[in-house]
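Trainee: Here you go, one structure.
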Amino acid sequence: MALDYRRCAQEIVSHTGGIGNIVQTAHCATRLRLSVKDKTKIDMDALDRTEGVQGIFESDGQLQIIIGTGTVNKVYDELTALTGTGVQDADIRTGGAETALWRRLLKPVGDVFVPILPAVVASGILMGTVNLLGSLFPGFAASDWYAFLNMVSHAVFVFLPGIAAVSAARVFGGNIYLGGLIGLLMILPSLQSSAAVTIPAVAVQTGYQGHVLPVIIAVFLMCQIEKRLHRHVPEILDIFLTPALTLLITSVLAFTVVGPLTALLETWLVSFARILVKNPAGACALGALYPWTVLMGVHHMFNVIEAGMIGSTGLNTIMPIASAANFAQFGACLAVGLRTANKKTKAAALPAAVSAFLGITEPAIFGVNMRLSVPFLAAVAGGAAGAAVGSFGGLGASAFEVTGIPGYLIINKPLLYTALLAVSGITAFVLTNIFWKDSNAPAEEESAPKETAMRTEKGIVRMPVRGELIPSCEIGDPLFAEEAMGPGVGIVPSGDTVYAPFDGTVVMVYPTGHAIGLESDTGMQVLIHIGIDTVRMNGAGFEVYVSQGDTVKAGDKLVHFDRKRIAEAGYDDTVVVVLTNSADFTEIERKQ
């Protein structure tokens, strides 16, 4: 059954403290990112159980909710329609959380690259497809269509510094068009490429084609200059003078100081990375490190190095490392999905494994492997082993951010790449099967009880929750004990889910979720009241799955309640079942 995006968004809002508690929302390829006012209002358990949510965690003061590729966009649209809080991902506030300096330095790199990744991924896949067709059909390789499509697929890499400049200006809070102008200025075709100049080169005629770090730093500097000029230039002159001075000052600094120094730094980083991945030990270390960077949300820092590699030699040797790490997550997640007896875990693991197979690992990492610990560590080992295999023979790609099976379109040595994927996936799969015990998984979800609580001439009322039936006189509330509302029974619950006791209609849902009224198709009207005085909990610990007017079948889930939370609040969790229209019946059987 397809996910109800609207309902998923509504439940996320409810479990994060309501609309008033959500400050901002954003999303990336697989996750919703929320900034909230009061984290104590978040019900993590209920949020984790929400249909469509594959995992939750906190990072940089944000609540990050794993939804999955494609689906996240639709849930986000519903979420922003409910809350009106949508922003660009880079603009989302962290709620004042303390963040380590190294993370504050690396986060902008990811913020710059994340929005432009669709263009990079699309171009990489198109490039690989065009090259494959050209190798299979020589006539196509000589055609005008081949030349045209080849031009289209390479454009993003030719102008990547300019695109990155626009994104950087947005991240750093400057005028995006001035930022784009700085980026394009630094890669003007008339300028000699810095690759052909001895670095450091303090010469205006040196361009930065193939470099992204110099452009990002130059745009950061531009944004600081622009902000200060806005504060000090008289308002009447601001619209003319500030842009002109910003462009002039930034361009001079970019070509005389920032460009030469950062180009040198980027060259060193790229050279070091190439040396590292050629060495089996170095590649192994990077393969083991990569999933941890995904876990911390800083894996986009590799994009700077990958872009530099493509700009200088056209071969990205970091991509095989990332692909080994990602495919290992697939192997571990697949092992969990095939082995577990838990239906909920299996339902999460198998789709997440497919996603990792195609290079998107967040659902596998956060929704399955990291939760169970052992599969994640098995994937770390698998990624390390596969990366070591890939270090032999100059394996590399012509693009970045395309891994897993789609990586075949951009890889230079398909057979070696196959060995890398096989070693990564199989190692993780085998280690997970050896060391992971299914007993660590959550308990199997309970099923609806079949026992009868009451019986009338018009049908039976099943027990709505698992537990021990007690007569009404033993209920710890005089209203129910004296049957002022009608004959009933109590249930001391052993389960934590209330199910529909018959086929019928929901006629009332109390706002706090602790009580629900139903009418059967045959006319029996029943009140199900969860706990004694639990109305005072104001809905905390209750998750309602239905609304007034809904049609239900016997055994459908109605409400989930947190027995531990009720006990901690000091209340009795006895579930009361009352036949409220008993005057309509002549035969009523119930436990006394």
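The values are calculated or read from the model by the stated rules, or taken from the named source; none is laboratory data. Just so you know, these numbers come straight off a predicted model, no measurement behind them. With ideal geometry, Cβ positions are generated from the backbone for all residues, glycine too; neighbour counts draw on all protein chains shown.
Trainee: Give me a count of the residues in segment 493-511 that are touching a helix residue (DSSP H, G or I) at 6+ places or on another chain (Cβ under 9 Å) and in a strand (DSSP E or B).
Mentor: Final tally of qualifying residues: 1.
Trainee: Okay, next question. In segment 131-159, what count of residues is obtained for those that are in a helix (DSSP H, G or I) and over 18 Å from Ile310 (Cα atoms)? Show your work before the answer.
Mentor: Restricting attention to segment 131-159, the residues satisfying the condition of being in a helix (DSSP H, G or I) are 131-136, 138-141, 144-158.
Subset that is over 18 Å from Ile310 (Cα atoms): 132-136, 138-141, 144-149.
Residues meeting the conditions: 15.
Trainee: Another question, then. Which numbered condition in (1) surrounded by fewer than 22 Cβ atoms within 10 Å (Cβ to Cβ); (2) in a strand (DSSP E or B); (3) in contact with an Asp or Glu (Cβ under 9 Å, 6 or more places away or on another chain); (4) not polar (S, T, N, Q) is the only one that His529 fails?
Mentor: Unmet for His529, out of (1) surrounded by fewer than 22 Cβ atoms within 10 Å (Cβ to Cβ); (2) in a strand (DSSP E or B); (3) in contact with an Asp or Glu (Cβ under 9 Å, 6 or more places away or on another chain); (4) not polar (S, T, N, Q): (1).
Trainee: Looking at segment 59-75, is at least one residue over 22 Å from Asp562 (Cβ atoms), at pLDDT 85 or above and not assigned by TED's automatic domain parsing to the domain that holds Phe561?
Mentor: Going through segment 59-75, the residues over 22 Å from Asp562 (Cβ atoms) turn out to be 59-62, 64, 66-75.
Retained after the next criterion (residues that are at pLDDT 85 or above): 74-75.
Among the residues that remain, those that are also not assigned by TED's automatic domain parsing to the domain that holds Phe561 are: 74-75.
Checked segment 59-75: at least one residue is over 22 Å from Asp562 (Cβ atoms), at pLDDT 85 or above and not assigned by TED's automatic domain parsing to the domain that holds Phe561.
Trainee: Just give me the residues in segment 397-409 being over 23 Å from the mean Cα position of the chain (by Cα) and crowded, with 24+ Cβ neighbours inside 10 Å, in sequence order.
Mentor: Taking segment 397-409 first, the residues over 23 Å from the mean Cα position of the chain (by Cα) are 397-399, 408-409.
Passing the criteria: Ala397, Ala399.
Trainee: Just to check your reading of the model, which residue among Ala448, Ala428, Ala481 is closer than 30 Å to Ser582 by Cβ, buried (at least 19 other Cβ atoms within 10 Å of the Cβ) and either in contact with a helix residue (DSSP H, G or I) (Cβ under 6 Å, 6 or more places away or on another chain) or in contact (Cβ under 8 Å) with a residue 40 or more places away in the chain (or both)? Break it down into steps so the answer makes sense when it comes.
Mentor: Details: Ala428 fails: closer than 30 Å to Ser582 by Cβ; Ala481 fails: buried (at least 19 other Cβ atoms within 10 Å of the Cβ).
Every option except Ala448 fails the conditions.
Okay, residues lined up against (1) assigned by TED's automatic domain parsing to the domain that holds Ile310; (2) of a type in the set (A, V, I, L, M); (3) under 16 Å from Leu289 (Cα atoms):
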position: Asn369; (1), (2), (3): yes, no, yes
position: Leu372; (1), (2), (3): yes, yes, no
position: Ala381; (1), (2), (3): yes, yes, yes
position: Ala387; (1), (2), (3): yes, yes, yes
position: Phe392; (1), (2), (3): yes, no, no
position: Ala397; (1), (2), (3): yes, yes, no
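Trainee: Right, here's the next one. Hey, can you tell me all the residues within segment 23-34 that are in a strand (DSSP E or B) and farther than 9 Å from Leu79 by Cβ?
Mentor: Here is the first cut: in segment 23-34, the ones in a strand (DSSP E or B) are 23-27, 31-34.
Passing the criteria: Val23, Gln24, Ala26, Arg31, Arg33.
Trainee: When you scan segment 460-476, do you find a residue that is part of a helix (DSSP H, G or I), out of contact with any Pro (no Cβ under 8 Å at 6 or more places or on another chain) and not basic (Lys, Arg), even just one? Before the answer, list the steps.
Mentor: Pass one, segment 460-476, residues part of a helix (DSSP H, G or I): 472-474.
Now drop any that are not out of contact with any Pro (no Cβ under 8 Å at 6 or more places or on another chain), which leaves 473-474.
Next, only the ones that are not basic (Lys, Arg) stay: 473-474.
Yes - at least one qualifying residue is present in segment 460-476.
Trainee: While we're looking at this one, here's another question. So how many residues does segment 358-383 have that are polar (S, T, N, Q) and part of a helix (DSSP H, G or I)? Step through it out loud before you land on a result.
Mentor: We begin by selecting, within segment 358-383, every residue polar (S, T, N, Q); these are 361, 369, 373.
Narrowing further to those that are part of a helix (DSSP H, G or I): 369.
Number of matching residues: 1.
Trainee: Do you know which residues across segment 13-55 are more than 17 Å from the chain's Cα centre (by Cα), closer than 17 Å to Thr80 by Cα and small (Gly, Ala, Ser)?
Mentor: Matches in segment 13-55: Ser14, Gly17, Gly18, Gly20.
Trainee: Can you name the number of the only condition in (1) at pLDDT below 75; (2) assigned to a helix (DSSP H, G or I); (3) surrounded by fewer than 17 Cβ atoms within 10 Å (Cβ to Cβ) that Leu106 fails?
Mentor: The one condition Leu106 does not meet is (3).
Trainee: I've got another one for you. Residues Gly20, Gly52: which one is assigned to a loop (DSSP other than H, G, I, E, B) and either within 23 Å of Pro115 (Cβ to Cβ) or outside the structural domain of Asp496 (by TED's automatic domain parsing) (or both)? If you could, list the steps in order and put the result at the bottom.
Mentor: Values: Gly20 fails: assigned to a loop (DSSP other than H, G, I, E, B).
After ruling out the rest, the residue left standing is Gly52.
Trainee: Can you tell me which residues in segment 538-592 are part of a helix (DSSP H, G or I), touching a Gly at 6+ places or on another chain (Cβ under 8 Å), over 18 Å from Thr512 (Cβ atoms) and of a type outside the set (Asp, Glu)?
Mentor: Ser582
Trainee: Identify, from the list Gly367, Gly390, the residue that is farther than 11 Å from Pro320 by Cβ, buried (at least 21 other Cβ atoms within 10 Å of the Cβ) and modelled with pLDDT under 90. Let's see the steps before the verdict.
Mentor: Working: Gly390 fails: farther than 11 Å from Pro320 by Cβ.
Exactly one residue qualifies, and that residue is Gly367.
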